[in-house]
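Just below is one structure, and these are the notes that go with it.
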Amino acid sequence: MDPFQSQQSKGTLVSKSPWLTPQSSNKPAREMRPEPSSSRKHDKDKGVNVQVVVRCRPLNEDEQRARNPAVISCNEVKREVYTLQSIANKQIDKSFVFDKVFGPTSPQKDLYDQAVNPIVNEVLEGYNCTVFAYGQTGTGKTYTMEGGAKKKNGEFPSDAGVIPRAITQIFNLLEAQCADYSIKVTFLELYNEEITDLLAPEECSKSIEDRPKKPLTLMEDGKGGVFVRGLEEEMVKTANEIYKILEKGSAKLRKAETLLNSQSSRSHSIFSILIYIKECTPEGEEMVKCGKLNLVDLAG
């Protein structure tokens, strides 16, 4: 059972990039605050900053061969998950309610459309949002986040995960709006309480295992927030550039074999997409709307 969570917070709307600083020929620049979207106004989850979505995976091949019984059942309509337990010859069933529930046969597209699509829309409105998968090893976290990330004949395979779908949605919406935008990405690893930049340049003469990984420092920004000092930010212009950066950074992640997973992540990874959109107010002022999407794959 893989809890899939999202968080939202209001993002800063004034870019730090010099060419994106809000400008006006007649009036001083000011900070733009996004108005709540109509979807948020009518959303029954209005005011909830953290939502928990549960996805139950089917039995894998080893479990089927061993004829292991199913101990979890789902009711997607009621948003309930039931655990089926037999203790001391007594059947003890429990039920749990979540914001959304997806059963073992739910396709990647349904999960994305219902749980993640609205979050990406919020990012493009200038909010900071986080999507992360949480669960023990072998529950399908990486499959949910990445899936079959590579395109086939220009189209995603049916098992494409959250990350490739989110990247595609971002670029499709920005291009459809003919927006004046710029995008930066960062990619870091958290292992044994140390932060490592997965996009930092390294010596080509050394193998991945022998290359030293210099830990970075988490700092406060003086405004109640935090940032990672020295973290590399890469400008990107296309979705393919992001895919290449993801592939490059993912190759450096620490992995190890476990009883349940031959390629289990030993560290947390955070891939962040920062989006700056230049807009013009009715008064003629140039403003910059800034949103950030954090995509997290936890260890396990």
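If we only count strands (runs of 3 or more DSSP E) wholly inside the range 184-252, which ones have 2 or more residues that are modelled with pLDDT under 90 and in contact with a Gly (Cβ under 9 Å, 6 or more places away or on another chain)? Steps first, please.
Working: elements: 194-197, 215-220, 226-229, 234-236.
Ranges flagged: 215-220.
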Residues satisfying the stated conditions in the range 83-105, i.e. out of contact with any Lys or Arg (no Cβ under 7 Å at 6 or more places or on another chain) and either at pLDDT below 90 or over 30 Å from ALA166 (Cβ atoms) (or both) | LEU84, GLN85, SER86, ILE87, ALA88, ASN89, LYS90, GLN91, ILE92, ASP93, LYS94, SER95
Within the range 107-148, residues under 26 Å from LYS278 (Cβ atoms) and of a type in the set (Asp, Glu) come out as GLU122, GLU125
A careful count of residues in the range 106-165 that are among the polar types (S, T, N, Q), more than 28 Å from ALA70 (Cβ to Cβ) and either in a helix (DSSP H, G or I) or at pLDDT 85 or above (or both) gives 4
If we scan the range 70-82, do we find a residue that is at pLDDT below 50 and of a type in the set (S, T, N, Q)?
-> no
Just wondering, is there one or more residues in the range 95-112 that are touching a helix residue (DSSP H, G or I) at 6+ places or on another chain (Cβ under 8 Å) and among the aromatic types (Phe, Trp, Tyr)?
-> yes
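Kindly indicate the residue of the range 48-85 that is of a type in the set (S, T, N, Q) and part of a strand (DSSP E or B) and also surrounded by the most Cβ atoms within 10 Å (Cβ to Cβ) among those meeting that condition. Reasoning before the result, please.
The first filter runs over the range 48-85 and keeps only residues of a type in the set (S, T, N, Q), leaving 49, 51, 60, 64, 68, 73, 75, 83, 85.
Filter again for part of a strand (DSSP E or B), leaving 51, 73, 75, 83, 85.
Working: GLN51: 17, SER73: 15, ASN75: 13, THR83: 13, GLN85: 10.
Only one residue fits best here, namely GLN51.
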Among the residues of the range 253-274, the number that are buried (at least 17 other Cβ atoms within 10 Å of the Cβ), at pLDDT 65 or above and of a type outside the set (Ser, Thr, Tyr) is 6
Within the range 86-116, can you find the residues that are among the small types (Gly, Ala, Ser), surrounded by 13 or more Cβ atoms within 10 Å (Cβ to Cβ) and touching a Phe, Trp or Tyr at 6+ places or on another chain (Cβ under 8 Å)?
-> ALA115
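Would a scan of the range 88-104 turn up a residue that is of a type in the set (S, T, N, Q) and in a strand (DSSP E or B)? I'd like the intermediate steps shown before the answer.
From the range 88-104, those of a type in the set (S, T, N, Q) are 89, 91, 95; that's our starting set.
Next, only the ones that are in a strand (DSSP E or B) stay: 91, 95.
Yes, that holds for at least one residue.
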Could you please give the count of residues in the range 110-131 that are touching a strand residue (DSSP E or B) at 6+ places or on another chain (Cβ under 8 Å) and free of Cβ contacts under 8 Å to residues at least 40 places away in the same chain?
-> 2
Within the range 275-300, restricting to residues that are part of a loop (DSSP other than H, G, I, E, B) and out of contact with any helix residue (DSSP H, G or I) (no Cβ under 7 Å at 6 or more places or on another chain), the one that is surrounded by the fewest Cβ atoms within 10 Å (Cβ to Cβ) is PRO282
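The values are calculated or read from the model by the stated rules, or taken from the named source; none is laboratory data. From a predicted model like this one, the values you see are computed outputs, not experimental measurements. Virtual Cβ from ideal backbone geometry, glycine too; neighbours counted across all protein chains shown.
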